[in-house]
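Encoded as structure tokens, the structure appears first; notes follow it.
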Amino acid sequence: MTAPEKDEVREDQVVEETEAAETAASEAEDTQAAEQAPEGNDSENEAEDPIEAAKKEAAAWQDKYLRLHAEWDTYRRRMNEQREEEKARAAEKLVEGLIPVIDDFERSIDYAEKNGETGLLGGVQAVHTKMLEVLTKHGVEMIDPKGEAFNALEALAVATVDDPSVPDETVAEVYQKGYRMGNKVIRSAMVTVTQGGPKREVEEESDDSSSE
């Protein structure tokens, strides 16, 4: 083999070796890229997990806060209602204790007026008036239905009297006055009612409600 031929063979070998090296390098790069690709996705997933965990934790704390807030509102409302009920019961007990005292004042005033004993009448009447004013300020109303239509929700009929000049079931006399506090009757009035008179006309409000 001549020298030029040897040189040509060597050049071909160099070219082949270079191409083989480039091919091997390219394959190695592809393999490395393929191996690194999943690792990159895993790192992204790992980066997302703490964020999702933080969001879930924040949502859980918010839910706990809302529940505690609702429970506190319910508790506060119940306590307020309970306090109001206790105040109302205490006021009712006070009124129930004062009513017999007012009865005694009224009997004393009535006796003094009928028997002409006016020595202490003015003072007794003044105390009686002040007591009624105090009760009125606290929402207590006297039930004194003389001359009115009998109302079984506020009065107790203890007797009947004949009186044809007034409609039936008109309160003729009040033996004992009653008291109400708000919508609650603390004590019903004790009354006598009439009979033998004309039938009482039905009120217009009753007619309207019945027609509805």
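Checked against (1) closer than 22 Å to G182 by Cβ; (2) out of contact with any Gly (no Cβ under 8 Å at 6 or more places or on another chain), G139 passes all but a single condition, namely (2). The residues listed here are M131, M79; of these, the one that is surrounded by 10 or more Cβ atoms within 10 Å (Cβ to Cβ) and closer than 17 Å to G178 by Cβ is M131.
Considering the stretch 151-201, the qualifying strands (runs of 3 or more DSSP E), each wholly inside and each with 3 or more residues that are closer than 21 Å to D103 by Cβ, within 33 Å of the chain's Cα centre (by Cα) and touching a residue at least 12 places away in the same chain (Cβ under 8 Å), run over 178-181, 184-187. In the set E106, E141, E133, E173, only one residue is touching a Lys or Arg at 6+ places or on another chain (Cβ under 9 Å), under 20 Å from E92 (Cα atoms) and among the acidic types (D, E); that residue is E141. Counting the residues of the stretch 166-212 that are of a type in the set (G, A, S) and modelled with pLDDT of 90 or more gives 4. Checked against the criterion of being in contact with a His (Cβ under 9 Å, 6 or more places away or on another chain), within 30 Å of K87 (Cβ to Cβ) and not basic (K, R), the candidates M131, M181 yield just one match: M181.
The values are calculated or read from the model by the stated rules, or taken from the named source; none is laboratory data. In this text, all values refer to a predicted model and were calculated from it rather than measured experimentally. Cβ sites come from the backbone with ideal geometry, for glycine too, and all protein chains shown count toward neighbours.
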